[in-house]
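Heads up: the structure comes next, in structure tokens.
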Amino acid sequence: MPDTKKKKQSGAEEVNWDLSDLYNAIDDPQLQQDMQKVVELADRFANTYKGKIAQLPAAQLCSALEEYEEILELMGKIGSFAHLTWTTNTEKAEYGKLMQQTKELSSDIRQKLVFFDVEWLQIGEEEAEKLVEAPELSHYRHYLESSRRYKKHVLGEKEEQVLSAKNVTGRSAWNRYFEETLGAARFELDGEELTQQEMLSKLHESDRNLRERAHAGLTKKFRELSRTLTFIFNTLLADKHTNDKLRNYDSWISSRNLANEIDDQTVETLIAAVTSRYSLVQRFYELKRSLLGYEQLFDYDRYAPLLESQKKVKWDRARQMVTGSYSEFHPEMGTIADQFFEKRWIDAAIKPGKRGGAYSASTVPSVHPYVFMNYDGKLRDVQTLAHELGHGVHQYLSREQGALQAGTPLTTAETASVFGEMLVFQNLKKQLKDPKEKLALLISKIDDTIATVFRQVSMNRFEHAIHTKRREEGELTTAEFSELWREQQEALYGDSVALTESYDLWWCYIPHFLHTPGYVYAYAFGELLVLALYEEYRQRKNGFADQYIEMLRAGGSEWPEEIVGKVGLDITQPTFWYKGLEVFRQMIEEAEALAEEINKSN
């Protein structure tokens, strides 16, 4: 059994969300009625518009888009409820059954509606341009304009229907199997059986022996599951290769960049900028090794806190820290964030069967977002709360753009979350007077920044390697995955961190590689953008907060460069990423100076 004695210290044991704004329960009659209703709406939409999209004048196309959004909204509400419910207990069969039912329903609806995209993209460029520019369609302009970029990647209606139908028992099913395999796994530590999330949490403890034992326990279970996880990885890599060939994508990352509304060159520039500064990571870990008093820093030492005993941050205190920081920046941000606590839009309790990690689900514009996390009372959990509430505020504000344009590309999706973390970090830093505590906080923040920028880019390089090798040489063995993983990790850490042989397997539990191939560079994009944004805010506080709120409110209704341009930054400049990297370098210098000051005073 997990160590409930320790868990009680966090104050989040009873923090469970209330999903009744979606549905009351999995047997809610309204849920069944809506499942029937969404099919009826989709059938009516197809009967009304199929074969006629090219002939619709602007006003009628606007009406069609409004009806289309209504269907997406209802299907999104059903799917959100099923997914949110399932993630709180992936071991509960009835939750899994409902989620599968909604995935199959979603696939059916997609097959009924796919004609709309196909017919819109078959319209000639000149005629399409007139519709995009039409005043009646001004609200949908960005959606219409950006969707045209998929013209050469969308297949015929029948082919799209087949792909949608097969996805339910293909990619989607394999992802669910991955989640449920790790969700049901129990990891042994000192005679106890812990969840993956509880074990990973131990890597942030000050007790080095505990970290090493947790590391060994995680590796032991990963090794036991390695055959299954390797098979899942290979299957999904092959599935993506097939889809990319069918849709005429040039490379494994092309579809992700297109969805992110960013060109390949910008992504390559970002990755080149980050990899050229790996030396900063190595410089930092040399400092951390020295501060910890270790002869050698191992991979299980990377997240070791600087201070021996870190007090648990109770849930109510975490709430004050986050909402207070948000309110200080802009009152509206604080007000929105507070609703998540007051109205029970957060699920933070650690529970058996609960999925690991954290997320903020936007759900649908007519409802509101929900935040999911596993709160254990550590300072990094406060930062996770700040991160997910940043997403939540962003999603709450962008709802007014409607179902087709409320969501943002992954690149700008991470902006509000990381900015939220930065606000809390800066507030905490201001409150601390003791140089040792200030240094410990700064080291923790640098740890997080490395994880968000440099580690994510190293994972992007790993993804590039596994997709390329799978496409050129066929199925990979566990050893080949591990070799490619180690190669990228060694490039990142150099001699500053000794990577254990056990660490070679630690690629196998990371869900982003499977759920959203190519996702990870968006974290680096978001973090470096935020470092530049915060520097801009620091230099000209007047008016910045209002511009920032408007940036969030825009959702996905404009191109990323236009949205970021609202606060005076130009992400299209090749040198832009070095601004954030320079701020990161200054953080390391500040840590070095604080360490020297403390050393002199001892």
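The values are calculated or read from the model by the stated rules, or taken from the named source; none is laboratory data. Everything numeric here is computed off the predicted structure, so don't read it as measured data. Glycine gets a Cβ as well: all are built from the backbone with ideal geometry, and neighbour counts include every protein chain shown. Note: accessible area is taken over every heavy atom of the protein model, side chains too, but ligands, DNA and RNA are not part of it. Shrake-Rupley method; radii C 1.70, N 1.55, O 1.52, S 1.80 Å.
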Check: From the residues 59, 304, 389, which one has its Cα farthest along the dipole of the chain in the positive direction, the dipole being from +1 and -1 charges on Cβ of Lys/Arg and Asp/Glu about the Cα centre?
Finding: 304
Note to self: If I model a spin label at residue 343 and residue 32 as a point 7 Å from the Cα along the Cα→Cβ vector, what separation in nanometres do I get?
What the structure shows: 2.9 nm
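Find, among the trypsin sites (Lys or Arg not before Pro) in the stretch 82-176, those assigned to loop by DSSP (not H, G, I, E, B) with at most 11 other beta-carbon atoms within 10 angstrom.
Working: sites: 92, 97, 103, 110, 112, 130, 141, 148, 149, 151, 152, 158, 166, 171, 176; in loops: 92, 151, 152.
Here the sparse-neighbourhood loop sites are 152.
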Margin query: So, R0 is 25 Å and r is the distance between the beta-carbons of residue 130 and residue 572; what FRET efficiency does that work out to, to 0.05?
Written below: 0.35
Checklist line | Candidate values [x] 63, 31, 18; [y] 39, 27, 25; [z] 66, 30, 21, label of the one derived for semi-axes √(5λ) of the Cα gyration tensor in Å | finding: [y]
Check: In nm, to one decimal, how far is the residue 251 label point from the residue 186 one, both placed 7 Å along Cα→Cβ?
Finding: 4.5 nm
Checklist line | Part-to-part distance (alpha-carbon centres) for the stretch 325-344 and the stretch 364-415, which is given in Å | finding: 13 Å
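With the Cα gyration tensor of the stretch 60-182 giving a ≥ b ≥ c as the square roots of its eigenvalues, does the rule (a/c under 1.5 for rounded; else a/b larger than b/c for prolate; else oblate) give rounded, prolate or oblate?
On the way: a/c = 2.91, a/b = 2.02, b/c = 1.44.
Here the stretch 60-182 falls in the prolate category.
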Item checked: Solvent accessible area, Å² - residue 328, 1.4 Å probe, full protein context -> 120 Å²
Notebook entry, point to check: Dipole magnitude of the stretch 87-151 about its Cα centre, charges +1 at Lys/Arg Cβ and -1 at Asp/Glu Cβ only, in debye to the nearest 20?
Noted result: 360 debye
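Of 151/566; 166/240; 220/240; 436/541, which sit over 19 Å apart, Cα to Cα? Before the final figure, lay out each step's value.
Details: 151/566 29 Å; 166/240 13 Å; 220/240 30 Å; 436/541 29 Å.
151/566; 220/240; 436/541, as the Cα separations exceed 19 Å there.
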Next item on the list: Mind checking the per residue accessible area of the chain for me, 1.4 Å probe, whole number of Å²?
Entry: 42 Å²
Note to self: Filter 77/351; 469/579; 311/351; 343/378; 221/288 down to the pairs with a C-alpha to C-alpha distance above 31 Å, please.
What the structure shows: 469/579
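Starting from 0.36 nm per residue, how many nanometres of slack lie between residue 44 and residue 431 once their C-alpha separation is accounted for?
133.4 nm
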Check: Long-range amide H contacts for residue 297: which residues qualify at under 5 Å (H placed 1.01 Å from N, peptide plane, sequence gap of 5 or more or a different chain)?
Finding: 498
Margin query: Output wanted: per-residue J couplings in Hz (rounded whole) for the stretch 428-436, from phi through Karplus 6.51 cos²θ - 1.76 cosθ + 1.60, θ = phi - 60°, x for Gly and Pro.
Written below: 4, 4, 5, 6, 7, 9, 6, x, 5
Margin query: Just to confirm my numbers, what's the Cα centroid distance between the stretch 130-207 and the stretch 15-73 in Å?
Written below: 21 Å
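Decide, for the stretch 207-275, between rounded, prolate and oblate: order the square roots of the alpha carbon gyration tensor eigenvalues as a ≥ b ≥ c, take rounded if a/c falls under 1.5, and otherwise choose prolate if a/b is larger than b/c, else oblate.
Numbers: a/c = 4.77, a/b = 1.62, b/c = 2.94.
Oblate, since a/c reaches 1.5 and b/c is not below a/b.
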Check: Just the projected area, averaged over all directions, of the convex hull on the alpha carbon atoms of the stretch 1-140: how many nm²?
Finding: 11.9 nm²
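For an R0 of 35 angstrom, estimate the FRET efficiency from the Cβ-Cβ distance between residue 286 and residue 540 and round to the nearest 0.05. Before the final figure, lay out the partial values.
Values: r = 36 Å, r/R0 = 1.01.
Computed FRET efficiency for residue 286 and residue 540: 0.50.
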Item checked: Estimated dipole of the chain in Debye, rounded to 20 [Cβ of Lys and Arg +1, of Asp and Glu -1, Cα centre] -> 1160 debye
Item checked: Shape of the stretch 151-249, Cα gyration tensor, a/c cut at 1.5 -> prolate
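Against the empirical 2.2 N^0.38 Å scaling, what ratio does the C-alpha Rg of the stretch 488-602 come to?
Taking N as the residue count of the stretch 488-602, the ratio is 1.42.
Counting only protein heavy atoms, what percent of the accessible surface of the chain is carbon or sulfur at a 1.4 Å probe? Write out the running numbers ahead of the final one.
On the way: 11830 of 25110 Å².
The computed percentage sits at 47.
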